[in-house]
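Chemist: Before we start, here is the structure in question, set down as structure tokens.
Bear in mind these aren't lab numbers, they're just calculated from the coordinates by the rules spelled out. This is a predicted model, so every value here is computed, not measured. Don't worry about glycine lacking a Cβ; one is built from the backbone with ideal geometry, like all the others, and counts go over all protein chains shown.
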Amino acid sequence: MHGPASPGWLLVALCAATGAYCLLRMRSTVEEQRRAAGGEALMGFGMAAMAVPAAVLAPPRWAWLVYAAVFGAAALRALWAARNGPHHLHHLMGAFAMAYMAAVMATAPGHHHGSGGSGAPLLTATLLAYFTGYVLLSGVRLMSAPLLTVGVGSRTASLGWGDRPELARACRLSMGIATVAMLITL
């Protein structure tokens, strides 16, 4: 799943920074936002771990199986949460994509990263199409979204770091971009 080392490290940094911000979002006063931020933090840190360049660390087969199990469990949790509304379906797609990529890496002969031709081409193409569309749509939404402030009497107070919807959208966008990059190299 890994290509050259420099883009790999950039992907690791992007995903780790996203995971760290999602941990900050868990301090929100809104229960639903805290719950979503926890799942997104798991995705960000998990993606960072999976994106470490193979030249530095080539995980053994059992590590890929652990990733597949963790992301599979996250996908089941998102599937269960999707009964409360369709906004959980994207989390389901993300967790499923990560479980799928980890399973492909666990079954890859010799565990060579970035060798291409691994996995089910139709499923990989479907996931790639979904996440490419998600990235494009999210980018448009992020560009058109105004920065939100909350009015307090005659003065305006900014929302806290954990409650900034445009930053949450930017994190989701960056994880979508990372997923596209990882799927391309699969």
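Chemist: Which trypsin sites (Lys or Arg not before Pro) does the stretch 1-72 hold that lie in a coil by DSSP with at most 16 other beta carbons within 10 Å?
Modeler: Numbers: sites: Arg25, Arg27, Arg34, Arg35, Arg61; in loops: Arg27.
When the trypsin sites (Lys or Arg not before Pro) of the stretch 1-72 are filtered for loop state and at most 16 Cβ neighbours within 10 Å, Arg27 remain.
Chemist: Only Lys, Arg, Asp and Glu count, each charged at its Cβ (+1, +1, -1, -1), so figure out the dipole size of the stretch 1-85 about its Cα centre, rounded to 20 debye. Walk me through the numbers on the way to the answer.
Modeler: Values: 7 positive and 3 negative charges, 32 e Å.
Value, rounded to 20: 160 debye.
Chemist: Continuing with this model, one more query. How high is the relative contact order of the stretch 29-140? Use alpha-carbon pairs under 8 Å, at least six apart in sequence, and give a whole percent.
Modeler: Working: 67 pairs, mean separation 27.4, N = 112.
The value is 24 percent.
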